[in-house]
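We did not get these values from a lab; they are worked out from the coordinates using the rules stated. No experiment lies behind these values; they were computed from the predicted model shown. Here the Cβ is made from the backbone with ideal geometry for all residues, glycine too, and neighbour counts use every protein chain on show.
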Amino acid sequence: MPFRVLAPDHTGITVSDLERSLAFWRDLLGFEVSHRTHQTGAMAEEITGVSGAEISLVVLRAPGGHKIELLQYDAPSDRKQHIDIRPCDVGHAHVALVVDDLDAVVSAIGGAGWSPAGKPQTLQSGPNAGRRVVYVRDPDGTTIELMQPA
């Protein structure tokens, strides 16, 4: 192979309301703001492949160092404002976060517009046996898997 992947850098999530999403990730989950920026013009179009792209974004740093990039596309005007993609649909992706108290997080997320997709379950087998897990979704359909160690 003539190349190699050196490391993951960040996970990008397109959102409809940057401030609402920022409040969730920063204020509720405790992620730290790394930086904010605005991208437009030829460079934004070439990077994304979206004609007329105009993007407001915030990069947050998670405990442990992984970064979440929240992107709010301000243009083009024909962008979809909401999609209803399910975990079983091709193209769906999620971020998994390890938390110390799954029930406390699930209880707290409702005020930020997030809700559990189901009920927390304890994994019975495999490398994560004993972990409690549940998917949660925001108003945009973004999915996070919350995992509490055994």
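Just to confirm my numbers, what's the Cα centroid distance between the range 125-150 and the range 29-50 in Å?
Spelled out, the Cα-based centre of one part sits 27 Å from the other.
Note the listed values (i) 18.2, 56; (ii) 16.9, 51; (iii) 14.7, 42, then indicate which one is Rg and Dmax of the Cα atoms in Å calculated from this particular structure.
The value computed from this structure is option (ii).
In Å, the Kirkwood hydrodynamic radius of the range 94-148 over pairs of distinct alpha carbons?
Final number for the Kirkwood radius of the range 94-148 is 11.3 Å.
Within 10 Å of each residue's Cβ, count the other Cβ atoms and sort VAL133, VAL105 from fewest upward.
Ordered by Cβ neighbours within 10 Å, fewest first: VAL133, VAL105.
For the chain, with the dipole built from +1 on Lys and Arg beta-carbon atoms and -1 on Asp and Glu ones, taken about the Cα centre, which of VAL50, SER107, MET147 lies farthest toward the positive end?
With unit charges placed on the Cβ atoms, the residue in question is MET147.
How high is the relative contact order of the range 94-148, in percent, with contacts defined as C-alpha pairs under 8 Å that are six or more residues apart?
Dividing the mean separation by the residue count of the range 94-148 yields 44 percent.
Of the beta bridges DSSP finds with both residues in the range 10-75, what % are antiparallel, to the nearest 5?
75
Nearest 500 deg cm²/dmol is fine: what mean residue ellipticity at 222 nm does the chain get from its DSSP H runs of n ≥ 4 alone, each adding -39,500 (n - 2.57), divided by its residue count?
The helix contribution divided over the chain gives -3500 deg cm²/dmol.
So how strong a dipole does the range 94-148 carry about its Cα centre when Lys and Arg Cβ are +1 and Asp and Glu Cβ are -1, to the nearest 20 debye?
Computed charge dipole of the range 94-148: roughly 200 debye.
Counting alpha carbon pairs within less than 8 Å and at least 6 residues apart, what relative contact order, in whole percent, applies to the range 39-150?
With pairs under 8 Å counted, the relative contact order is 20 percent.
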